[in-house]
Amino acid sequence: MEGVFSLSRKRIALLLFAVFGLSAILIAQWMDGGGKSLSSFTQVGGGGNAGGTEGETGRSSQSVRVAVTMGEEEFASMKKLADQYEASHKGVELKIDNLPPEEAYAALKKEAQLGQPHDVMLLPNEWLNEFAALGYLSTVDDLLTGDQQSQRIATSLNQVKWNGFLWGIPKDVDPYIIAWSKEKAAAWSKDHTPESTEELLAWIKQFHKPDGTGYGLYARTEDAYSLLSLVSATGIPADTTGSPLARLDEPGSIQQLQSLLLPDEKTWSAEAFERHYPAEGKGFQPWELLESGKLAAFLTTVSDYKLHGGDSVTISALPVTVTGKLSQMGTWLKGRSYALSSKAKTNQAAVAWLKEISSLDSEMKLWADGRRLPALIPAYTTSALRNDPSYKSYAWLVEQGRVLPVQIDAAKKLAALQADAAMLRQGKLDLKRFGETTAAQWKPQP
């Protein structure tokens, strides 16, 4: 392992380009760090010194701080894995913080700026390039040989590469799908669920009731990837960057999106949006409505379907326009990867834990509780996945899925998209202005 972190010519070059051209944005990154503390994070593990300073045991090099953002069941599974690892590796202390999703980005950046980062982090793939560019991460090329890299899903691996280096080990992917009511599908005029934008619009027209007694299609518009999937399903093709969001200011695009969001409405209003697309809460539970047949279709994720879907629901990919009017089935993949802090490059215990938690055995244990599809290809030969009734669908979705293009500012763009979506619901933006601001954010910069 000594060769992993030797100060080779490669690493000297890495340090140089991590600094070059980025000093100007460091101040801006500091300013938007948000000042979040770790007080609201859920922590498991021993009570040693989190900053890596020498504690009572004198084993500072054996203390590993890990940051994740997980649901309750997946985090419990991670805790169990950590407990087992500590039991078999005497002297190693794992302290795992479960960060609230709305605080994780700002908090992790803030602690890196203060020089007190977690050693190992589970990050959305869209964050990796920015964190790498700011010098917060260590490369993991030496931890994944060419053979090992070939065992990870290629689209996920490409998302965590930047400037010729690998900055993360892909953990999982969560494809966006449509869950259909079997009752409504039986009443549908075709022998298959919608496979094109035209068929999806016809489905909505048949099952959507303006009085609120029935909904043709629902999506969580506060989720950036759900919005991205909706835009893809409207028939708007991707631009040269691979995303259709940059085309929301083109003639006809807003009308196409409105036809999905506000069927039977000629003009946009926040009141009509709330009526057709109520905010999820006690009075509007999509899965309950889908099970009862009051909701005909729900744009969501595989993990959400695995958690809530029942026998009365079937799933499929999304209708996606490729070029012009050519439509095909597809999906967007949201993924997460493990990353190693640049401050942890000499912490052999952190490297050993990273290898353990990204192994096939760990991946499968976390899949069972987290329900996010593994990014490790050999996982799809295991009985745990092959015996799943939706196995063929999962394999197809992972193979055909799209990912957002590699961009250093992807995290900021997604956050801006979600903020604008909130303003859309509040009536502070109309749909036309929403389309213009979104397109401006996602257009390639000269």
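For the stretch 332-446, the percent of C-alpha pairs falling in each 5 Å distance bin, counted from 0 to the bin holding the largest distance, reads 2, 9, 14, 13, 13, 14, 13, 12, 8, 3, 0. Shown here for the stretch 393-446: trypsin sites (Lys or Arg not before Pro) in loop regions (DSSP other than H, G, I, E, B) with at most 13 other Cβ atoms within 10 Å, namely Lys428. Applied to the stretch 415-432, the Karplus parametrisation 6.51 cos²θ - 1.76 cosθ + 1.60 on θ = phi - 60° returns per-residue 3J(HN,Hα) values of 5, 5, 4, 5, 5, 5, 5, 5, 5, 4, 5, 7, x, 7, 10, 8, 5, 5 Hz, with x for Gly and Pro.
With the simple spin-label model, which puts each label point 7 Å out from Cα in the Cβ direction, the Asp83 to Asn163 separation comes to 4.2 nm. What the phi angles of the stretch 96-106 give under the Karplus curve with 6.51, -1.76 and 1.60, with θ = phi - 60°, is a coupling list of 10, 9, 9, 7, x, x, 6, 10, 4, 4, 5 Hz, glycine and proline written as x. Measuring r between the beta carbons of Ser390 and Met329 and using R0 = 22 Å, the FRET efficiency lands at 0.90.
The modelled label-to-label distance between Glu102 and Leu307, using points 7 Å beyond Cα along the C-beta direction, is 1.6 nm. Compute the Cα gyration tensor for the stretch 264-337, then decide on rounded, prolate or oblate, letting a ≥ b ≥ c be the square roots of its eigenvalues: rounded whenever a/c is under 1.5, prolate when a/b is larger than b/c in the other cases, and oblate in all that remain. Because a/c hits 1.5 or more and a/b fails to exceed b/c, the stretch 264-337 counts as oblate.
When the trypsin sites (Lys or Arg not before Pro) in the stretch 169-256 are filtered for DSSP coil states and for at most 12 other beta-carbon atoms within 10 Å of their beta-carbon, the remaining sites are Lys190. Amide H contacts under 5 Å for Met329: Val320, restricted to partners 5 or more places along the chain or on a different chain, H placed in the peptide plane at 1.01 Å from N.
For the stretch 149-193, a/c is not less than 1.5, where a ≥ b ≥ c are the root eigenvalues of the C-alpha gyration tensor, and a/b tops b/c. That puts it in the prolate class. Placing pseudo-labels 7 Å out from each Cα toward the beta carbon at Lys432 and Ala202 gives an inter-label distance of 3.2 nm.
Amide H to amide H distances under 5 Å link Asp172 with Arg336, Ala375, where only residues 5 or more positions off or on other chains count and H is placed in the peptide plane. Counted residue by residue at 0.36 nm each, then reduced by the alpha carbon distance between them, the extension gain from Thr213 to Ala440 reaches 78.0 nm.
Determine the shape class of the stretch 227-295: with a ≥ b ≥ c the square roots of the Cα gyration tensor eigenvalues, call it rounded for a/c under 1.5, and otherwise prolate if a/b is greater than b/c, oblate otherwise. In terms of gyration-tensor shape, prolate. Here the Karplus relation 6.51 cos²θ - 1.76 cosθ + 1.60, evaluated at θ = phi - 60°, turns the backbone of the stretch 300-314 into coupling constants of 8, 10, 4, 5, 5, 5, 5, 7, 10, x, x, 5, 8, 10, 10 Hz, with x for every Gly and Pro. Note on the stretch 164-214 and the stretch 373-417: Cα centroid distance 17 Å, given to the nearest whole angstrom.
Amide H to amide H, with H built 1.01 Å from N, Glu93 comes under 5 Å of Ser63, Val64, counting only residues 5 or more places away or on other chains.
Every read-out reported here was derived from the displayed coordinates using simple, explicitly stated rules and does not represent laboratory data. The shown structure was predicted, so the numbers you read here are calculated from the model rather than taken from an experiment. Virtual Cβ from ideal backbone geometry, glycine too; neighbours counted across all protein chains shown.
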